[in-house]
Amino acid sequence: MNCAISGEVPEEPVVSAKSGLLFEKRLIERHIADYGKCPITGEPLTLEDLVAVKTGKIVRPRPVQAASIPGMLGMFQTEWDSLMLSNFALEQQLHTARQELSHALYQHDAACRVIARLKKERDEARSLVAQAERHVPMPASAPISVNASAVSNGRAAAVDGAVPGGNNVRPGISASVFEELTECNAALSQQRKKRQIPSTLASVDDIERYTQISSHPLHKTSKPGIVSIDIHHEKDVIATGGVDTNAVIFDRSSGEILSTLSGHSKKVTSVKFVARDDFFLTSSADKTVRIWQGSDEGNYNCNHVLRDHNAEVQAVTVHATNNYFVTASLDNTWCFYELSSGLCLAQVEDTSGSEGYTAAAFHPDGLILGTGTSEALVKIWDVKTQTNVAKFDGHVGAVTAISFSENGYFLATAASDGVKLWDLRKLRNFRTFAPYDPETPTNSVVFDHSGSYLALAGSDIRVYQVANVKSDWNCIKTFPDLSGTGNVTSVRFGPDAKYLAVGSMDRNLRIFGLPGDSDAMDFETMNGKRAGLEAYIGASCGDYNCRNPPEL
């Protein structure tokens, strides 16, 4: 009787109650902990399915070589020769590694000297430019039309009086834009009345069986941390924004990095797909927002760099028309942009407070905007009039995330004290989740696209089944933070809630779904090194860098 894994006689034999196969206890327990299934048949298997087999003490027979003294001497000589050859090979590898390390250190030292020289030249050039600007007389002012500033929409706009981060004159939201927003609202409201939960939606039983099915090292090891995630449901493509200043576009089905977007100088705080023309948005702690667009070659080019905020831009949210978007910043303003031109139509500041905005999301119908502030307030805005129509208080700490349900009735907000659910019809809080201790904030909260499930993330990931105001919202599944950082920063549902994409303060994107899913291969063992290498090369070589984009 031999073990089905090692092929040797087991020391502690156990039998699977499902398949009847014999295993070494320590080997099968480790396999079940990693994969949760039988290594031979592939069927789900738990420790409770194992039955211990009681046997007598096994006496292993001596090998033929150990039956005589000459045989043992020969065996020892063979092992000694193998050890010496192995030691010689290790010494050669050590010598080669020392040479490579010496060469790499030399290159690093040379690169540091070049960077220092370039920084010194840059600072000297900036100083000369500043001195020249002080001595050059200002030209006579000329009338500037709104249309001219809208058409320029680039570096010329900053020269013509639009100071980055200043209180610039905005053209405002026109009547035609209002009409477009109203028509979209009417159409979506009518569709929502006829909306039915799709038959392909993952069931509660499926979600209870979810486990980690893949892990992908997308960002740099020098500055680990995934801050934001978004998913293009039609293409099943995932975007991540990292502390390493890069955004990564990742194809889940193939396990390959499609593009690494470089250009921001600080961490990428928010990423958002636009469901038309391959547009993609990123915001950053460097006070800028970038509009990217995919090309036929698969690369993403930066069309515009938006510099209308004078503090960190914390959130980007796209309107249901896919023609407009809003950015929210710690400078206590939010901006309404036209996507195609990158023109800021309106910049709204709430004069009643000085807190900055830390989160933002459009209502599914598009005429309401929700924002979270650094002082624990949730503000609801009328987009057409740009006025604050409601305020929700009760949180502790900055509001880290907000999400509207698909039916438009519920709003979920996250902060240091957990998650609060708000009834938008009665403007009141009807339920609070406090899953963590006071020192552990809830970093992310999101409804799935059907409005059937709610996920939140902090020191772990939890999925709740959405109910009504009076019924209990039951916790279906709790996933541990496998990054080891204890800080899950972002979670998103895949199409039909078939999987969850999770980002933490390490560099790995983790996918949770049904074990054995045919669409989810274990890329950590097959393509993990390749994906990490592509991420490093893309970030280092700058293949997708934003090169001289127009500044707004």
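The values are calculated or read from the model by the stated rules, or taken from the named source; none is laboratory data. This one's a predicted model, so the numbers in the text were calculated from it and none came from an experiment. FYI the Cβ positions are ideal-geometry reconstructions off the backbone, even for glycines, and counts take in every protein chain you see. Quick note on the areas: whole protein, heavy atoms, side chains included, nothing else; ligands and nucleic acids left out. Shrake-Rupley method; radii C 1.70, N 1.55, O 1.52, S 1.80 Å.
Restricting to segment 328-385, name every residue that is assigned to a strand (DSSP E or B) and of a type in the set (Ser, Thr, Tyr).
SER329, THR333, TYR337, TYR357, THR358, THR371, THR373
Return yes when PRO44 is within 30 Å of ASP206 (Cβ to Cβ), open to solvent by 70 Å² or more (accessible area, probe 1.4 Å), of a type outside the set (A, V, I, L, M, F, W, C) and in contact (Cβ under 8 Å) with a residue 24 or more places away in the chain and no when it is not. Write out each step before concluding.
Values: within 30 Å of ASP206 (Cβ to Cβ): yes; open to solvent by 70 Å² or more (accessible area, probe 1.4 Å): yes; of a type outside the set (A, V, I, L, M, F, W, C): yes; in contact (Cβ under 8 Å) with a residue 24 or more places away in the chain: yes.
The answer is yes for PRO44.
With the condition kept exactly as written, say whether any residue in segment 462-473 is under 18 Å from VAL502 (Cβ atoms) and part of a loop (DSSP other than H, G, I, E, B). Reasoning before the result, please.
Of segment 462-473, the ones under 18 Å from VAL502 (Cβ atoms) are 462-464.
Within this subset, residues satisfying the condition of being part of a loop (DSSP other than H, G, I, E, B) are none.
The answer is no, given that none of the residues of segment 462-473 is under 18 Å from VAL502 (Cβ atoms) and part of a loop (DSSP other than H, G, I, E, B).
Within segment 195-233, which residues are open to solvent by less than 10 Å² (accessible area, probe 1.4 Å), modelled with pLDDT under 90 and out of contact with any helix residue (DSSP H, G or I) (no Cβ under 6 Å at 6 or more places or on another chain)?
Matches in segment 195-233: HIS219, GLY225.
Looking only at residues that are of a type in the set (Ser, Thr, Tyr) and outside any helix (DSSP H, G or I) in segment 1-36, which one is surrounded by the fewest Cβ atoms within 10 Å (Cβ to Cβ)?
The first filter runs over segment 1-36 and keeps only residues of a type in the set (Ser, Thr, Tyr), leaving 6, 16, 19, 35.
From the residues that got through so far, the ones that are outside any helix (DSSP H, G or I) too are 6, 16, 19.
Working: SER6: 11, SER16: 19, SER19: 15.
So, considering only residues that are of a type in the set (Ser, Thr, Tyr) and outside any helix (DSSP H, G or I), the one surrounded by the fewest Cβ atoms within 10 Å (Cβ to Cβ) is SER6.
Is there any pair with a first residue in segment 354-374 that is touching a residue at least 60 places away in the same chain (Cβ under 8 Å) and under 14 Å from THR327 (Cβ atoms) and a second that is open to solvent by less than 10 Å² (accessible area, probe 1.4 Å) and polar (S, T, N, Q) whose Cβ atoms are under 8 Å apart and which are 6 or more apart or on different chains, and what are they?
Here the result reads none, with nothing in segment 354-374 linked to a residue that is open to solvent by less than 10 Å² (accessible area, probe 1.4 Å) and polar (S, T, N, Q).
Condition (residue is closer than 21 Å to GLY397 by Cβ, open to solvent by 20 Å² or more (accessible area, probe 1.4 Å) and more than 25 Å from the chain's Cα centre (by Cα)) applied to segment 320-342: is it met by at least one residue?
no
So which residues in segment 472-498 are within 20 Å of SER405 (Cα to Cα), open to solvent by less than 50 Å² (accessible area, probe 1.4 Å) and more than 14 Å from the chain's Cα centre (by Cα), if there are any at all?
TRP473, ILE476, PRO495, ALA497
So, of the residues in segment 76-109 that are of a type in the set (A, V, I, L, M, F, W, C) and within 35 Å of the chain's Cα centre (by Cα), which turns out to be nearest to ALA66 (Cα to Cα)?
Across segment 76-109, the extreme among qualifying residues is LEU101.
Could you say whether any residue in segment 180-188 is at pLDDT below 70, within 30 Å of THR387 (Cα to Cα) and among the acidic types (Asp, Glu)? Before the answer, list the steps.
Taking segment 180-188 as the starting set, the residues that turn out to be at pLDDT below 70 are none.
Within segment 180-188 (the criterion being at pLDDT below 70, within 30 Å of THR387 (Cα to Cα) and among the acidic types (Asp, Glu)), the answer is no, since none of the residues qualifies.
For segment 255-274, how many residues meet the condition of being open to solvent by 40 Å² or more (accessible area, probe 1.4 Å) and either acidic (Asp, Glu) or farther than 21 Å from CYS335 by Cβ (or both)? Explain how you work it out, then say what you get.
To start, the set of residues in segment 255-274 that are open to solvent by 40 Å² or more (accessible area, probe 1.4 Å) comprises 256, 258, 265-267, 272.
Subset that is either acidic (Asp, Glu) or farther than 21 Å from CYS335 by Cβ (or both): 256, 258.
Of the residues in that region, 2 qualify.
Please state which one of ALA390, ALA414, ALA398 is more than 29 Å from ARG209 (Cβ to Cβ) and outside any loop (DSSP other than H, G, I, E, B).
ALA390
Regarding ALA132, is this residue without any contact (Cβ under 8 Å) to a residue 60 or more places away in the chain and surrounded by 10 or more Cβ atoms within 10 Å (Cβ to Cβ)?
No; evaluated as a whole, the condition is false for this residue.
Would you please list the contacts, defined by Cβ atoms under 6 Å and residues six or more apart or on different chains, that run from a residue in segment 473-495 that is on the phi > 0 side of the Ramachandran plot to a residue that is polar (S, T, N, Q) and at pLDDT 85 or above?
Going by the 6 Å Cβ cut-off, the qualifying pairs are GLY486/SER459.
Per-residue answers, yes or no, for (1) closer than 30 Å to ILE213 by Cβ; (2) modelled with pLDDT of 90 or more; (3) open to solvent by 70 Å² or more (accessible area, probe 1.4 Å); (4) part of a helix (DSSP H, G or I):
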site: LYS54; (1), (2), (3), (4): no, no, yes, no
site: ALA66; (1), (2), (3), (4): no, no, no, yes
site: GLN93; (1), (2), (3), (4): no, yes, yes, yes
site: TYR106; (1), (2), (3), (4): no, yes, yes, yes
site: VAL114; (1), (2), (3), (4): no, yes, no, yes
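Sort through ASP278, ASP251, ASP236 and tell me the only one that's touching a helix residue (DSSP H, G or I) at 6+ places or on another chain (Cβ under 8 Å) and either closer than 27 Å to THR400 by Cα or open to solvent by 10 Å² or more (accessible area, probe 1.4 Å) (or both). Before the answer, list the steps.
On the way: ASP278 fails: touching a helix residue (DSSP H, G or I) at 6+ places or on another chain (Cβ under 8 Å); ASP251 fails: touching a helix residue (DSSP H, G or I) at 6+ places or on another chain (Cβ under 8 Å).
Answer to the selection: ASP236.
In this structure, is ALA455 within 20 Å of VAL488 (Cβ to Cβ) and either assigned to a strand (DSSP E or B) or open to solvent by 10 Å² or more (accessible area, probe 1.4 Å) (or both)?
Taking the combined requirement at face value, the residue satisfies it.
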